[in-house]
Structure formats: structure tokens, C-alpha cells
1. Hey, does the range 275-297 have a residue that's within 20 Å of the chain's Cα centre (by Cα) and either closer than 27 Å to Arg464 by Cα or surrounded by fewer than 17 Cβ atoms within 10 Å (Cβ to Cβ) (or both)?
2. Gly382 is checked against (1) in contact with a Pro (Cβ under 8 Å, 6 or more places away or on another chain); (2) more than 24 Å from Trp304 (Cβ to Cβ) and fails just one. What number does that condition carry?
3. Filter the range 49-76 for residues that are touching an Asp or Glu at 6+ places or on another chain (Cβ under 9 Å) and small (Gly, Ala, Ser); which is surrounded by the fewest Cβ atoms within 10 Å (Cβ to Cβ)?
4. Which residue out of Lys44, Lys60 is without any contact (Cβ under 8 Å) to a residue 60 or more places away in the chain and either closer than 30 Å to Pro417 by Cα or of a type outside the set (S, T, N, Q) (or both)?
5. Collect the residues in the range 281-319 that are out of contact with any strand residue (DSSP E or B) (no Cβ under 9 Å at 6 or more places or on another chain) and not small (Gly, Ala, Ser), keeping them in residue-number order.
6. Within the range 416-455, which residues are out of contact with any Ser or Thr (no Cβ under 6 Å at 6 or more places or on another chain) and among the hydroxyl-bearing types (Ser, Thr, Tyr)?
7. With respect to the numbered conditions (1) modelled with pLDDT of 90 or more; (2) assigned to a helix (DSSP H, G or I), which one is the sole condition not fulfilled by Arg147?
8. Going by what's in this entry, would Asp356 be described as crowded, with 16+ Cβ neighbours inside 10 Å and not hydroxyl-bearing (Ser, Thr, Tyr)?
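The values are calculated or read from the model by the stated rules, or taken from the named source; none is laboratory data. Since we're looking at a predicted model, the values are computed, not measured. Here the Cβ positions follow ideal geometry from the backbone for every residue, glycine too, while neighbour counts run over all protein chains shown.
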Amino acid sequence: MDKNTDNDPPLNQVQLTASDIQVIDQFRRQKSTAVLTILFTDIKGFTKITEDHGEAYSNKLRRHHDDLVVPVIERDGGGRVIKHIGDAVMAVFSEPSTAAARALEVQEKLAQFNRDHPELVDIQVRMGLHSGQVTTEDNVNGDVFGRHVNRASRVEGLADGGQILVTYPVFDSARGWLNDKSEPPAAWEKHGRYALKGIAEPIEIYEVYNPKLNKPKAPAGALKAGGLSALRLAGAALGLALLAALGTYLSIHLASSTPEISLVDYNSDWAKLWDGQPFRVGGEPGQHIRPVLTPLKSGHHLLWADSSQIVRFFAPFDVQPGKNLLELKFERVELPAMERRIDYEPGEPNTLQESDEATYTTYDAEMNPHENTARIDMSLKGEPDPGDSKRMKFTCSWTITLNGKEISKDSITDYNPVDATEADKRPPKVLWSDDFHFYYISYYMAGSSADFTIEANFTDYKGR
């Protein structure tokens, strides 16, 4: 995915049905509001739990989760669960303070459940909250609401298990109502601006937490967007003006020496250059100006930093002879990933045909960017094995098209005992690759269910 390192697949853009919109609009009318707060949650490591313990165990855990989470959200009509997406829950509230308070209560009840059930894997839930106007003419606008939902989903994607992250509108509205004397107690932490896929500008991320239960922590594996205050902008402008005034002297004096590079508001210490060489920077994150310690020649360079095997941030920049004062801008690249599961039910069609399309940037050997469009078509079928009634037969067929060219088309058929309680995971199979990335398929089977994933990873993850 992703943002995480626990094998959870990334959520694609959340699709809202006409029925979903109708339920949302009913709730909005009951509350007489044009603004809603969206809560998005999911269970950290749920895919890994299923792989390690089997489908029956993970479904049992999800039922415990639903029995705890849903009543808290919907108590006294405070919120409304709109839909379940696998182990994820999407809900709406009319009041940001109620949404934040219920999220804190859910985390408290889950922590108590984990303490009371040491025999079970801990249920760690991450949460994201965002508020926005959803109607202008007394009817919920599906497109507008969808954008707010996806923003809440992206914010949830930054969170860790047990963590609640919110956008500024939620923070600004809820903080006056919730404090450390409320029940559960609430404290707030500002984490700064973060770049999220599909959102043009970095957004402010805050955390609401119960100080008796946990401590705040910055989102892990995510890229924090640097920002310039007015004072820093003035300082940067003054520095640039001084450099310009001394430009002639510097160009003569330093033309034959290694360029001297300083970065403005650079907050990462885990980036690499295009050739894989670590990019070393002096000072500490948070400092306004930090010197580059890695020697670089004049010319074009490309910096990159990983969030996961499918998410990488790139920052192209140019170095001039002499002194350089640079503000690097990272762009997020997320490779395509598609996961689908089929659960056999007697008398049902037990087939699934779905497609997913994504656009993303790749870089060639000369560090030039190229825009790509990929489409994954997947077909799944589950049925009892005609030759052995005690096992299931699963077939997955796929076609991968990249920039209009078919790069992989094939199918896999495999078998699994009907009464199997443990997940049987198959090793990944590479379907196509180039110097930048590769596509592969992996899957696991558990009893009468099978889960298939077709995903692209960056080339240096091959074989891991």
C-alpha cells in the first residue's frame, strides 16, 4: 500500500452508491446541517492476521470489532455507519466534537477489550476524521461528499494502530468542546502539513488522543511537506539576494570547486539519490536551513524516499556551480495495486469480474519523468472441485495493460481443502518487469475463500 508496513492493501478511491447517498442525506436532514464529519477506520494488519490465523479467525475478530465500534458510533443517533469495506468502517457525524469523542471512546473500549482477551490478537484500529460541506441545495452532492470521504480515508492511511488523526476543520471545531476533563479525556497534537495522494496542496494533520491511554506520535512512513513562514520567506529572500549580489565573484571563485548546497525547510533524513547513494544532510529536521553533506556535481539530480514498496516520493533538482539554496518539492508516486477476494456460497454465481485503472509517473535512466496509465482486469471464480468434493477450486484470470499495450495475460487455477482453517499463502509470481518497477501476482486460500492480489512494486523490492 502503502503507507504501512503490515501487509494491508491500500484502499482505492471509495465508491459511494445511490443507496449510500440516500442514507447520508437522511442523516443530514435529521440533523439539519449542510456540514458532515466523516470517520474512516480500519484494522491494522488485518490481511496479515488472516494469513497467519485463517479466515474463520479473522472473521471472528472482525465481529468483535463491529460489536464494539458500531454501537459507540450510533449511540443516541450521534453518528451513522454508512458502509463496511472489508475491515474498514465509514461513518458520518453532524458534529466534529461528537465524532472525535466517539473515536476516543472506541479506542478506549478496544484497549479494554484487548486487555480482557489476551488469548486473541490485539485489535489495533487506526482512524481518520475530516469535516466538510456536502450540500448547497438541500441535497447531498455525491461528488463533493466523495471527495471529503477520500480525504478522510487518506488521513486514516497516515495513522498507526490506536491512533486518531484529523484535519484542521475537525481540530478547529472540536478542540473547544473536548479537553482533558472530558470523558474520555482529550488532548491535541499538531503534526504539521503532509502530502496526500489526490490532494493538490499539503494539509494540516492533527492528532486527538487520550493522555491516560497513549502518547501522540508523528505519522510514520509518510512524507511531511515543508512550508515557509513569512519570516522564513524573508530570510530566504535575503539570502538569495546576497547570493545574487555576490554572484559574479562566487562564479569565478567557485567554478572549479564542488558546489555548496543548502536546503530550505528540509525535514527528511531517509532519502537517497537516483543511484541509491544515501543523501546526507547536516543539522536536524525542523531547522530552517540545512547543509547538504553528500558531495554533488553541477547538473540534474533526482532524490527519492520510500513510504512502502508501492509508494515513493521523488524530488528532481538542479545544482549550479558555486552556492545553491534549494527548496525541494517531493511528488508522490503510487504504483497500481488490486486485491479481490471471493467467498464461495452454494447457489450463488461465485464469480467476480472487476477492473481498476491508475496513472503514475516513472523515471528513466536519465532521470526523465514519464506519465503512465495502467489497467488491471481480474476475473475470479470459486467452485467445488468436480473430482474431489472435499476441496475447492479457484481460478484467477487477468490482463494487465500499460500505456495501451498488453504486458501480461494469463490465469491460475489452484485447489484448497474445504475444511482448511489456516490460510495457505502462495509465493509471489512476477508477471512483467522493467528497470523501474515490476508487476506480480500473489494469493492465499483459506477454506472456501481465496484472496488474489496483482500489484506493482519498485524494482529494488524484487525478491524480498
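1. Step one: list which residues in the range 275-297 are within 20 Å of the chain's Cα centre (by Cα), which gives none.
No, the conditions are met nowhere in the range 275-297.
2. That leaves (1) as the condition not met.
3. Gly54
4. Details: Lys44 fails: without any contact (Cβ under 8 Å) to a residue 60 or more places away in the chain.
One residue alone meets the criteria, Lys60.
5. Correct list: Gln287, Pro295.
6. Across the range 416-455, the qualifying residues are Thr421, Ser433, Tyr439, Tyr440, Tyr443, Tyr444, Ser448, Ser449.
7. Looking at each condition in turn, Arg147 falls short on (1).
8. On the way: crowded, with 16+ Cβ neighbours inside 10 Å: yes; not hydroxyl-bearing (Ser, Thr, Tyr): yes.
When the stated conditions are applied, Asp356 passes them.
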